[in-house]
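No lab work stands behind these numbers, since they all come straight from the coordinates. Keep in mind that what you see is a predicted model, and the values were worked out from it rather than measured. Cβ: placed from backbone, ideal geometry, glycine included. Neighbour counts: every protein chain shown.
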Amino acid sequence: MPVVPVFDLDGTLLDSDAALVAPFVALGVPPEEITFGHTLAVECDRLGLDVDDYLALYDDQLALPYDGVEELVAQLEARNDRWAVCSNKHPLGGTAELARLGWTPDVAMFADSFDGPKQLGPVLQAIGLQPDDVIFVGDTDHDRRCAHDAGCAFALAGWNPRASAVAGDLVLGRPADLLRHLG
């Protein structure tokens, strides 16, 4: 059976830093105080902001695919490969971005699908796969832990300049590198 990729969205498929930061800045937060890799609710709570105020300012048009990601997704879909998204992103932005790009993962789960930070267990259950059938592609320490906690392989989205490898990581230099690991 081929390995099924499950992707984080922000920082992995989408270069979304500008989109994620802009509403915080518009709400008066200095850019250097903004952190990444957790749910919007957690960050808004940390910064003393209301999630609805943030969402009113979020522009899903600003999040753009990293170079090579559109081609990777097109190849997965042309080959009829299964793939999924597992993200801490708020579902309104994540769903809008997938629709805008015309991407149709088998499963897309966002912050509202999990009790706390994202977890691969619900994605595996929804897509009907075991941990050995999946490789989780992400860009943060949380993504790495998420894969480890579920017993899944992990690949680092090395095309994101903020991604930092640790010993044992499979580092993908560009999105197309993933294809040779899928079988």
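Put a dot 7 Å past each Cα toward the Cβ at Gln125 and Asp50; how far apart are the dots in nm?
3.3
On C-alpha positions alone, give me the angle between the axis of helix 17-26 and the longest principal axis of the chain, in degrees, nearest 10.
10
Taking only the Cα atoms of the stretch 1-144, how large is their convex hull per residue, in Å³?
104
Would you mind ranking Asp10, Asp52, Asp141, Asp15 so that the residue whose beta carbon has the fewest other beta carbons within 10 Å leads the list? Intermediate results must be reported in sequence, preceding the final value.
Numbers: Asp10 24, Asp52 8, Asp141 12, Asp15 20.
With the fewest neighbours first, Asp10, Asp52, Asp141, Asp15 line up as Asp52, Asp141, Asp15, Asp10.
Test of understanding: ordering Val107, Val137, Val42 by Cβ neighbours within 10 Å, fewest first, what list do you get?
Values: Val107 20, Val137 26, Val42 15.
Ascending number of Cβ neighbours within 10 Å: Val42, Val107, Val137.
Roughly what angle does helix 141-150 make with the longest principal axis of the chain, taking Cα atoms, 0 to 90 degrees, to the nearest 10?
Orientation of helix 141-150: about 50 degrees from the principal axis.
If the chain between Leu179 and Thr35 were fully stretched, how many nm would it gain, using 0.36 nm times the residue separation less the Cα-Cα distance?
Here the answer is 48.8 nm.
Could you work out the local net charge near Lys118, counting Lys and Arg as +1, Asp and Glu as -1, over the other residues with Cβ closer than 12 Å to its Cβ?
Details: positive: Lys89, Arg145; negative: Asp8, Asp10, Asp112, Asp115, Asp143, Asp149.
In short, -4.
Roughly how tilted is helix 69-78, in degrees to the nearest 10 and between 0 and 90, from the longest Cα axis of the chain?
That works out to roughly 40 degrees.
So what's the gap between the Cα centers of the stretch 90-157 and the stretch 14-83, to the nearest angstrom?
Cα centroid of the stretch 90-157 versus Cα centroid of the stretch 14-83: 15 Å apart.
Select from the stretch 31-92 those chymotrypsin sites (Phe, Trp or Tyr not before Pro) which occupy a DSSP coil region and have at most 16 other Cβ atoms within 10 Å, ordered by residue number.
The qualifying sites are Phe36.
Add -39500 (n - 2.57) for each DSSP H run of 4 or more in the chain, then divide by its residues: what number comes out at 222 nm, to the nearest 500 deg cm²/dmol?
Mean residue ellipticity at 222 nm (helix-derived): -10000 deg cm²/dmol.
Find the Cα radius of gyration of the stretch 35-78, compare it with 2.2 N^0.38 Å by division, and give the number to two decimals.
So the Cα radius of gyration is 1.64 times the expected 2.2 N^0.38 Å.
Calculate the translational D of the stretch 17-57 in whole µm² s⁻¹ from Stokes-Einstein, where the hydrodynamic radius comes from the Kirkwood formula applied to all Cα pairs, the temperature is 20 °C and the viscosity 1.002 mPa s.
214
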